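A quick write-up on the structure given underneath.
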Amino acid sequence: MSDQAPTTPEFITLDEAGSMTSGTRVTFIPGLPALYAEALKNICFVKGIPLIRAIHPMMGADKETGEDRQARLYELTSQTSIPTMFHDEERPRNVWLEQLGLAERIGAPGTPQLIPRDFSERADVMGLCEIVLGEDGLVWNMRIFGDSPLARKYGYSDDASELAPAKVAEVLALIDERLAKQEEIGSRYLVGEAVTAADIYWATMSMCLSPPEPDIMPVTKQNKGMLKFFAMNGQMSPIAESLTERIKDHQRYILATYCETPAVLGGDPL
Ligand SMILES: N[C@@H](CCC(=O)N[C@@H](CS)C(=O)NCC(=O)O)C(=O)O
């Protein structure tokens, strides 16, 4: 463990989160930066939204009772993916696009506007987010590199899996090209001249190919294996060739400047 012990966040149960009528509650797995949950946490941090963390139940059956551990989650949200987000008495939000829209609306005054007012910039921001987080985007393709129960949920087949690394590399090339063009106009951001949702989402999701150093992403008992897997993804061809220093610098700049670092994860720090 490092000299400075990271803050240990409190986690409430999903049941508690679902029955509360005020506050913003988001589900997490303690110690594990599940990418979409980690990204939403960063989005909410930038927007100055205090989060109440709830425990996201794991897939599978309870060893003692044999009951589906996600039954209550399904009852509350009609789905099971991590994270789900509750705000006051509003309907739960389970998809990043809706979670982002909500965060933009409830964010504190004076915080960065993550969805630009300018429609041309907005089209760029949302388009970039879509190719990173949406169906058949970078993360979806990363999830089907190998066969697993999670990969099966996201359309794993031998054929799709074979095509996935090249698709991921294609997105990386597009991001790098954009960052290079932005550099020419003196901007460190993916779109325009200020931070947007595209920067925060990309910097977080790109961890699945390039995990940051422990000063940004501390190692825990729960995330150790995941971080190793992420690093291995970044070494695959043709991904390694497309993962430029420019992309890594952008990730570091965005996470260190706008997000809470070292990331506060809970779980068991190593
Ligand atoms: N539902 C989210 C994505 C979150 C997501 O895909 N989470 C995966 C893990 S990376 C998950 O929990 N899948 C299991 C499930 O759907 O039950 C969205 O589309 O915005």
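Throughout, read-outs are computed from the coordinates displayed, never taken from laboratory work. Remember, it's a predicted structure, so these values are computed and weren't measured experimentally. Don't worry about glycine lacking a Cβ; one is built from the backbone with ideal geometry, like all the others, and counts go over all protein chains shown.
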Q) In the stretch 168-240, what trypsin sites (Lys or Arg not before Pro) fall in a loop by DSSP, with at most 13 other Cβ atoms inside 10 Å? A) 221
(Q) If I model a spin label as a point 7 Å beyond the Cα along the Cα-Cβ vector, how far apart are those points for residue 160 and residue 108 in nm? (A) 4.1
Q. So what is the orientation-averaged projected area of the chain, using the convex hull of its C-alpha atoms, in nm²?
A. 15.0
Q. Going by how many other beta carbons lie within 10 Å of each one, how would you line up 129, 44, fewest first?
A. 44, 129
Q. For the stretch 132-218, what does the alpha-carbon gyration tensor say about shape, rounded, prolate or oblate, given a ≥ b ≥ c as the root eigenvalues, a/c under 1.5 as rounded, and a/b over b/c as prolate?
A. prolate
Q: Just tell me the longest site-free run in the chain, where the sites are GluC sites (Glu not before Pro) in a DSSP loop having at most 15 other beta-carbon atoms within 10 Å.
A: 194-259
Q: Note the direction-averaged projected area, equal to a quarter of the hull surface, for the Cα convex hull of the stretch 156-270, in nm².
A: 7.8
Q: Work out which helices of the chain, taken as complete DSSP H runs, extend at least 24 Å along their axis over the Cα atoms and score a mean Kyte-Doolittle of -0.5 or more, then list them.
A: 158-184
Q) In whole Å, what are the Cα extents of the stretch 11-106 along the three principal axes, biggest one first? A) 41, 26, 22
Q | residue 135 versus residue 62: modelled label distance in nm, points set 7 Å from Cα along the beta carbon direction | A | 3.4
Q) If r is the Cβ-Cβ distance from residue 253 to residue 231 and R0 is 25 Å, what FRET efficiency results, to the nearest 0.05? A) 0.80
